[in-house]
Amino acid sequence: MKIYLYDGSFEGLMCVFVEYFKHRPDVFDVQNFEKFGADIFADYQDVICDADLAERVMQRLKIKLKSEILKSFYHVFLSEDEKREYHILRMLAKCLDFGVKMLSNSADEDSLYLSKMYKSVHREKHRMEAFVRFRQMKDGLYAAVVEPDFNVLPIISDHFEERYADQFWLIYDARRKFGIYYNQRDVKGVEIEFDFEAFKTETSWDENEQLFQTLWKNYFRSTNIISRKNSKLHVQHMPKRYWKYLVEKERL
């Protein structure tokens, strides 16, 4: 079996696609340099990420497949599912060979996989856009912590940049140990040692933060009509795994 080893980035995967498209191995796999397990029966190929090559490949794919379709492949990539690279490479090749109609072929296993994963990632994206709760710190920074199922921070930044354009804010992914920071000009990815104790400690908050949290909790409770309470539906729309960082779920 052919195994392509790469750096785990989408740009790196585009470089892998070049090698895959050249040779079209029937049986293959794609693994991250840092995570793969040795297989003495496999034929390994290290694929180094070449930023210029990756950019040329993506520009070519945008022309052939349209930008929105390439973006959908990127969203599937953010799922972090262990088989995503395999299905992305196979479907990219099929689209180049037979056209983008292959994406809607319900009898194709790659199409079914990509459709299912794309919907899952987008559902998580919309939930993050709805469930992010900022806290204003003493230095004026609005900070929020999340733990999404998928790596959706790269695709929610536009939403918050547009909505909070006049503020400095940071959204930190506690599961993946990185965040996105907005400095009132642009959004940047950051890898930092996040101080959770300071984030949770009132002495680190802006003097009005506690008041705003209390007002939000009271509003949330006042709009909750007990006689119409439907816990099952509530959990369906707001799964319990998100409650950890929701202000309204904390006690007054």
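The values are calculated or read from the model by the stated rules, or taken from the named source; none is laboratory data. Every value quoted in this text rests on a predicted model; they were computed, and no experiment measured them. Note that we place each Cβ from the backbone using ideal geometry, even for glycine, and neighbour counts take in every protein chain shown. Side chains are part of the model used for accessible areas, which takes the heavy atoms of the whole protein and leaves out ligands, DNA and RNA. Shrake-Rupley method; radii C 1.70, N 1.55, O 1.52, S 1.80 Å.
Values computed for the structure shown
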{"read-out": "Residue order for 74, 4 - accessible surface, 1.4 angstrom probe, largest first", "value": "74, 4"}
{"read-out": "Beta bridges by DSSP in the chain, antiparallel share as percent, to the nearest 5", "value": "45 percent"}
{"read-out": "Length-normalised contact order of region 121-201 in % [C-alpha pairs under 8 Å, at least 6 apart]", "value": "24 percent"}
{"read-out": "Between 0 and 90°, nearest 10: helix 84-98 axis offset from the chain longest Cα axis", "value": "60 degrees"}
{"read-out": "Computed accessible area, residue 104, all protein chains, 1.4 angstrom probe, square angstrom", "value": "100 Å²"}
{"read-out": "Computed E for residue 104/residue 196 - FRET, C-beta separation, R0 45 angstrom, nearest 0.05", "value": "0.50"}
{"read-out": "Interchain or long-range residues, amide H under 5 Å from residue 29's placed H", "value": "2, 3, 4"}
{"read-out": "Leading residue at positive end of dipole, the chain (Cβ point charges), from 208, 70, 49", "value": "208"}
{"read-out": "J(HN,Hα) series, region 53-61, from Karplus relation 6.51 cos²θ - 1.76 cosθ + 1.60, nearest Hz, glycine and proline x", "value": "5, 4, 5, 5, 4, 5, 5, 5, 5"}
{"read-out": "The chain: relative contact order as a whole-number percent, Cα under 8 Å and 6+ apart", "value": "13 percent"}
{"read-out": "Most to least packed among 17-23, 170-176, 150-156 [average Cβ atoms within 10 Å]", "value": "150-156, 170-176, 17-23"}
{"read-out": "Exceeding the 28 Å Cα-Cα cut-off - candidates 116/249; 125/240; 64/119; 35/138; 22/101", "value": "116/249; 35/138"}
{"read-out": "Solvent accessible area, Å² - residue 216, 1.4 Å probe, full protein context", "value": "100 Å²"}
{"read-out": "Options (i) 135; (ii) 159; (iii) 171 - which one matches volume of the Cα convex hull per residue in Å³ as calculated here", "value": "(iii)"}
{"read-out": "Solvent exposure, largest accessible area first (probe 1.4 Å, DNA, RNA and ligands not counted), of 49, 95", "value": "49, 95"}
{"read-out": "Counted charge near residue 140, where neighbours are those whose Cβ lies closer than 15 Å (Asp, Glu -1; Lys, Arg +1)", "value": "-3"}
{"read-out": "Simple Cβ-charge dipole of region 1-126, Lys/Arg +1 and Asp/Glu -1, about Cα centre, in debye nearest 20", "value": "780 debye"}
{"read-out": "Contact order normalised by residue count of region 3-104, Cα under 8 Å, 6+ apart, percent", "value": "32 percent"}
